[in-house]
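The values are calculated or read from the model by the stated rules, or taken from the named source; none is laboratory data. Nothing here was measured: the structure is a model prediction, and the numbers come from that model. Heads up, the Cβs are rebuilt from the backbone with ideal geometry, glycines too, and the neighbour counts pull from every protein chain shown.
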Amino acid sequence: MNGGITMSLEVTNVSGGYGRVPVLHDVTFSVPDGQVVGLIGLNGAGKSTTIKHIIGLLQPQTGTITVDGLTLASDANAYRGSIAYVPETPVLYPELTLREHLELAMMAYGLDQQQAWHKLDRLLAMFRLDNKLDWFPDNFSKGMKQKVMIASAFMTDAQLFIIDEPFTGLDPVAVHDLITLVNEQKARGAAVLMSTHVLATAQEYADGFVLLRDGQVRAQGSLSALRDEFNLPNASLDDIYMAMTQEV
Amino acid sequence: MRELWQKRLRQHLMAQARYLKLVFNDQFTIVLFVIFGAALYGYAQFVRGMSATTAHWLPYVVLVVLAAAVRVGQVVTLLTDADATFLLPRAAGMGNYLLAAMRYSLVLPVAFTVLLVVAAWPILAATWHVGSAAIICLAVTAALVQYGDLMLQTNALLMDQPAQVPHRISLVVLMALSVYATQLPVYWFPVVAASLMDVVLRVWLEQRLRRGQVALLTAARRENSRMQRIYRVYSMFTDVPGLRATIKRRRWLDGWLRTGSRQQRRTWDYLYLRGFIRRPEYGNLFIRLTVIAVVLMCLSTVAWVSMLIGLVAMYLTAIQIVPLATQYREIVFAHLYPLSATARTAALRRLLFSLMLVQTVIFALTGLIMVGVLAAAESVVAGVVLTVLVAGWYVPRFGQRHLQW
């Protein structure tokens, strides 16, 4: 809890990285329920490393990460079960058909198969995947693979959605559909952390932003809070981003 | 460019040495020695007891095998996809690189074909009365023809090269004629012909390499598929990062696959079963080893020999299927599922348990039909004991070492 608002994700004083060399330095931010937060930064700023720490692929050297009040150490299965993740590069099992990918995800997350397929009917039609259920998605194009990842994540009732560079490779219709899905989850009360370079879209749809620079949180908050922080009234997210990159 | 080749070759040899150490582990080496010894003994017995009819057609089989062996070699270029971008400015000056690559590529195919000639000697001596001088000439010709074939393959890596197939086929014909010539007084002539051919090919290739551009994309694609074939063999023994899976759908099994459990605790079973069925390096291996064991058991009339053949096949199947579970380590979702690490080991244990029991039943039935009740009973007891040992002892230890992520 933070000022009466429930936080789905809380990252507190996290330092960590690959091996002994820390990439993240004392990173602290949170994503409240029912909000979309954009994770913004240059290539190499630490966005993907932050996400890897949250989903549990990397362990923080210091600091804590809680999802819905749970930590990976306290209850790994409940922690993992609360997160739905769409990776930047789609990863698929070469030996599974699209139907089997979805079934596997349902089994792994303990979802009710009937309810999940009910949700999927809409998602598959939305992304024009409904006639490809018996195909091997490993042979799909990058955009189609990304749609499989999105459908697989959004069929769950996760409390936290982590979406890494979601717009890369998607056609404009799919981008629009993804934003619709994100807004639906937001309305349901789920939290969404979205790393992206598409700043205009992020500005339009995100409620808050975390600006990362050299593995540290340079600024965070709503667009107006960022404008105050950078002393740039009426600036767009793009202007603020450029201002951040020019800081020494 | 020669330095680049040497650097890559050093790295390549180091990587291969690491894999070969894993492939030729103590158990596998012992099994190989046993199989090699048995094959040599069987071959010697066969040549001694060959009938007149067999002696008539067998040399022609040798001729075909030796001629086909011309196509066994492939140029090892060690080129990668990235080279199509980064080496593009040097695509016209890679003659030294390719010549060095071709020299290295000669070693294995030449050794292989010469050994094949030596192995064919007893048959050729017993049937066509071929002497040692003719065999030495044949071995030299085989090496020269391999060299010629590799020169043609090297040329095929250049852009705008003429069609290669007729040339390569003519080498196969030359090799076939050379084998036939071993029974004639002019058995030495193919050596002269092959030497002349190699001199002409070498002069021509050097000219082509001076002027020609390397087709980097094609060369990288061929090298990738060559390495994938090698890695596929290694993957039967150990975990090979970066190996692209070749998938066979086996649609006829879809109906049966749909009947499996959909419970959360069976998630890994769902994945492993499909991996086993659709990845040929596992599914085909199971079928191959089972069929070989059944054929060998059909040749045996002794109960304990029959049982031993079955046991060796089951053991080899088990140790080569276990690495299937490590294939999913590179897939991020395998780390994110809300499932305990022990679930992976339990699923692997169930898969192996089922496969080994299927083999036990097949081997017991074979023993029953070919030898009798005793062979069947021995196969059942030994099969069950081995299955329990693998599923109850070996797999949990493997899981502790490789499946705790």
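Here B:Ile287 meets the list (1) surrounded by fewer than 20 Cβ atoms within 10 Å (Cβ to Cβ); (2) at pLDDT 85 or above; (3) within 14 Å of chain A (Cβ to nearest Cβ) almost entirely, failing just condition (3).
Look through segment B:209-226, keep the residues that are surrounded by 17 or more Cβ atoms within 10 Å (Cβ to Cβ) and not β-branched (Val, Ile, Thr), and return whichever of them is nearest to B:Asp81 (Cα to Cα). This residue is B:Ala220. Of the strands (runs of 3 or more DSSP E) entirely within segment A:179-226, those holding at least 1 residues that are closer than 14 Å to A:Leu42 by Cα and hydrophobic (A, V, I, L, M, F, W, C) occupy A:208-213, A:216-221. Scanning segment B:79-102 for residues being of a type in the set (A, V, I, L, M, F, W, C), in contact (Cβ under 8 Å) with a residue 24 or more places away in the chain and either in a helix (DSSP H, G or I) or not assigned by TED's automatic domain parsing to the domain that holds B:Arg226 (or both) gives a total of 7. Here is a check on your reading of the model: is A:Leu104 touching a Phe, Trp or Tyr at 6+ places or on another chain (Cβ under 7 Å), within 11 Å of chain B (Cβ to nearest Cβ) and closer than 22 Å to B:Ala347 by Cβ? The answer is yes for A:Leu104. Close contacts from segment B:221-236, counting a first residue that is more than 16 Å from B:Val322 (Cβ to Cβ) and polar (S, T, N, Q) and a second that is modelled with pLDDT of 85 or more and surrounded by fewer than 14 Cβ atoms within 10 Å (Cβ to Cβ), with Cβ to Cβ under 9 Å and a gap of 6+ residues or different chains, come to B:Asn224/B:Asp81. Of the candidates A:Tyr85, A:Tyr93, A:Tyr109, the single residue that is within 7 Å of another protein chain (Cβ to nearest Cβ), aromatic (Phe, Trp, Tyr) and either touching a Pro at 6+ places or on another chain (Cβ under 8 Å) or surrounded by fewer than 18 Cβ atoms within 10 Å (Cβ to Cβ) (or both) is A:Tyr109. Does B:Leu324 count as within 14 Å of chain A (Cβ to nearest Cβ), farther than 18 Å from B:Glu281 by Cβ and touching a Lys or Arg at 6+ places or on another chain (Cβ under 9 Å)? No, not satisfied. Being over 26 Å from A:Asp207 (Cα atoms) and either more than 14 Å from chain B (Cβ to nearest Cβ) or at pLDDT 95 or above (or both) is true of A:Asn131.
One residue stands out in segment A:73-82 among those that are of a type outside the set (Ser, Thr, Tyr) and surrounded by fewer than 20 Cβ atoms within 10 Å (Cβ to Cβ): the one that is farthest from the other protein chains (Cβ to nearest Cβ), namely A:Ala73. Here B:Val65, B:Val72 are screened, and the one residue that is modelled with pLDDT of 90 or more and surrounded by 11 or more Cβ atoms within 10 Å (Cβ to Cβ) is B:Val65.
Yes or no, residue by residue, for (1) surrounded by 22 or more Cβ atoms within 10 Å (Cβ to Cβ); (2) on the phi > 0 side of the Ramachandran plot; (3) at pLDDT 95 or above:
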| residue | (1), (2), (3) |
| --- | --- |
| A:Asn139 | no, no, no |
| A:Leu193 | yes, no, yes |
| A:Asp214 | no, yes, no |
| A:Gln246 | no, no, no |
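Taking segment A:162-219 as the range and being of a type in the set (Phe, Trp, Tyr) and closer than 19 Å to A:Pro32 by Cα as the test, the residues that pass are A:Tyr205, A:Phe209. Restricting to segment A:41-60, and then to whatever is closer than 20 Å to A:Arg218 by Cα and in a loop (DSSP other than H, G, I, E, B), can you tell me which residue is nearest to the other protein chains (Cβ to nearest Cβ)? Top of the filtered list is A:Pro60.
Filtering segment A:46-72 to residues that are surrounded by fewer than 20 Cβ atoms within 10 Å (Cβ to Cβ) and more than 16 Å from B:His335 (Cβ to Cβ) leaves A:Gln61, A:Thr62, A:Gly63, A:Thr64, A:Thr66, A:Asp68, A:Gly69, A:Leu70, A:Thr71. When A:Lys132, A:Lys52 are screened for being charged (D, E, K, R) and under 29 Å from A:Glu10 (Cβ atoms), only A:Lys52 passes. Remark: pairs (first residue in segment A:54-65, closer than 16 Å to A:Leu39 by Cβ; second residue buried (at least 18 other Cβ atoms within 10 Å of the Cβ) and basic (Lys, Arg); Cβ separation under 9 Å; 6+ apart in sequence or on different chains) = A:Ile55/A:Arg80; A:Leu58/A:Lys52. Scanning segment B:363-405 for residues that are at pLDDT below 90, under 30 Å from B:Glu330 (Cα atoms) and surrounded by 21 or more Cβ atoms within 10 Å (Cβ to Cβ) returns a single hit, B:Leu403. Just one of the numbered conditions (1) more than 24 Å from the chain's Cα centre (by Cα); (2) within 13 Å of chain A (Cβ to nearest Cβ); (3) within 19 Å of B:Gln359 (Cβ to Cβ); (4) buried (at least 20 other Cβ atoms within 10 Å of the Cβ) is not true of B:Gly275; which one? Every condition holds for B:Gly275 apart from (1).
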